[in-house]
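Structure record follows, encoded as structure tokens.
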């Protein structure tokens, strides 16, 4: 029979801590939901991005990719990436139906073989086009993909940021933990630290040149992902953002990959 | 060709939509390590290929056009020197219907080591022995999207004959195939109009396709004959056939399971064949970003011995390595073993981007322990190393 006093004492000491923990988890989740709600209703967008890969010795290589994204109510977005550079992969297209915790559906069109291939999307941690961005860094950020823990508020450039820890709840993530900086006004993701499976700092994402579209939706003009362990980095420069372009489900069917332009 | 260029020029200058030009030019060097089996066959060869492509749209993207050509110059093998229109296509999109009219190249199926259900295009057999290079096929094609699946209706006027290496070429049958003496079962010959239908749908992690084809078989029977000099040759004979095919792919965890199944009815022999196998991927091996996929596929063909193809009772085991690096380095290596007569072939394909616009490809092919009655017997001395350097524009 445990001593009732000790139990009482333990309860006294631990309860506030547990309450704080629960409170910070609740706060983290609320911030994630607020960020999702802020970005809701964009319907669809198209954009182009230039990806500059830089290795340790400073050699660079460039990819040109066009992105089309369709907002899906009650599920992850549908997204199409069309590759224009390097020239040998020109015409390659990748279609992704993102889901929350379930694995995404993904198809790849290989123009040399004129073949649409359904591919496994379970490897979230794999590098996207040889860059320092993993597939999971570029997918749609559904709230249920993570559990959250609010850390603090602190200044980040001109803004005040919520600093939130999040822990991937989906399988096969390359990370054990992410720390994200979201500004308190419009929930722009300005910075993120990624910790690998050994809990060591792996990568840092820094986003900037934010622009507002349709008087509401903010998108970064640049995103730089630095890998602290390999010395490699990748700069994504976004351009030609257009919202509500009239894209529909018809533009995101696996068999239409053969004819995307 | 001039007329084609003028037609293209019209599009490029006056279309109000988008238009683009791309493609590649490549030098290919091949070296055979063993003495040729048949007289006159070369040991080394250097060839040049050009594959330009134009495409664009008008009507706000409701109409698209594309042209893709392929040309190979080959000094030593007259059979390999050829030009082909891979694509010359008008595509019209009307809601859930897509109309394609012109010449097109398409792919059906899921398997890696051989392609059973893929019967629309003729194989450009002089380009590669893997059957993945194909000749453009004239067609009228309606693709219709329904909630319950995608339907493809194809009318295929105009038949394309398979390409064959000339006397000097390696990787050919013991006797030269004389394509001047081609014969058809149908009295309409090359003008026979073929028909095909396909249903395909995705059910969660399962992709399913069911296809039907009625018309001239793309696989010729090679019959003994005599050429104009009185030398023995093989002459291609194209039968009529009806084929029903099923292809399915299931993704389960890190496994991809694949099945292709056909039933073919033809005068010479009916044929039931299947290929069944899996690919299992190990992601991020040794804490790197590289992936390795292990592939195993078993092929079966019920035709009597002598009429079977290479994949009659064969097991393919291979591995695909993707480094996922900035140069997109990849290696695919595989063994094909005949489980009856133990003939073996081994193939490695490796590729890597160099700079922004170049791509280097290596291909190594060996044949070992080849049974005299195996369809590969004619290739028994044709182990080769191929180096291909392509510039993409």
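The values are calculated or read from the model by the stated rules, or taken from the named source; none is laboratory data. These figures come from a predicted structure and were not determined experimentally. Here the Cβ is made from the backbone with ideal geometry for all residues, glycine too, and neighbour counts use every protein chain on show.
Residues in segment B:44-64 that are within 11 Å of chain A (Cβ to nearest Cβ) and in contact with a helix residue (DSSP H, G or I) (Cβ under 8 Å, 6 or more places away or on another chain): B:56, B:64.
So, in segment A:127-153, of the ones that are touching a residue at least 12 places away in the same chain (Cβ under 8 Å) and in a strand (DSSP E or B), which residue ends up nearest to the other protein chains (Cβ to nearest Cβ)? This residue is A:134. The requirement of being in a loop (DSSP other than H, G, I, E, B), surrounded by 16 or more Cβ atoms within 10 Å (Cβ to Cβ) and out of contact with any strand residue (DSSP E or B) (no Cβ under 8 Å at 6 or more places or on another chain) is fulfilled nowhere in segment B:134-151; no residue meets it. Every test in (1) closer than 24 Å to residue A:181 by Cβ; (2) part of a loop (DSSP other than H, G, I, E, B) is passed by residue A:58 save one, and that test is (1).
Counting only residues that are surrounded by fewer than 21 Cβ atoms within 10 Å (Cβ to Cβ) and part of a strand (DSSP E or B), segment B:197-210 holds 9 of them. Restricting to segment A:97-126, count the residues that are more than 7 Å from chain B (Cβ to nearest Cβ) and outside any strand (DSSP E or B). Here the count works out to 11. Of the listed requirements (1) touching a residue at least 12 places away in the same chain (Cβ under 8 Å); (2) farther than 15 Å from residue B:219 by Cβ, residue B:147 misses just one: (1). Of the strands (runs of 3 or more DSSP E) lying entirely inside segment B:211-256, the ones with 3 or more residues being in contact with a strand residue (DSSP E or B) (Cβ under 8 Å, 6 or more places away or on another chain) and closer than 30 Å to residue B:283 by Cα are found at B:240-252. Remark: pairs (first residue in segment B:83-95, under 30 Å from residue A:246 (Cα atoms); second residue surrounded by fewer than 18 Cβ atoms within 10 Å (Cβ to Cβ); Cβ separation under 6 Å; 6+ apart in sequence or on different chains) = B:90/B:101; B:92/B:63; B:92/B:99; B:93/B:62. Of all the listed residues (B:323, B:286, B:360, B:364), the sole one being within 14 Å of chain A (Cβ to nearest Cβ), more than 27 Å from residue A:172 (Cβ to Cβ) and surrounded by fewer than 18 Cβ atoms within 10 Å (Cβ to Cβ) is B:360.
Residues of segment A:25-61 that are within 14 Å of chain B (Cβ to nearest Cβ) and surrounded by 14 or more Cβ atoms within 10 Å (Cβ to Cβ): A:46, A:48, A:50, A:51, A:52, A:53, A:54, A:55, A:61.
For residue A:160, which of the numbered conditions (1) in a loop (DSSP other than H, G, I, E, B); (2) away from every other protein chain (no Cβ under 12 Å); (3) in contact (Cβ under 8 Å) with a residue 12 or more places away in the chain fails to hold? Failing condition for residue A:160: (1). Kindly check whether there is at least one residue in segment A:109-125 that is more than 28 Å from residue B:208 (Cα to Cα), at pLDDT 90 or above and within 15 Å of the chain's Cα centre (by Cα). Among the residues of segment A:109-125, not one is more than 28 Å from residue B:208 (Cα to Cα), at pLDDT 90 or above and within 15 Å of the chain's Cα centre (by Cα), which makes the answer no.
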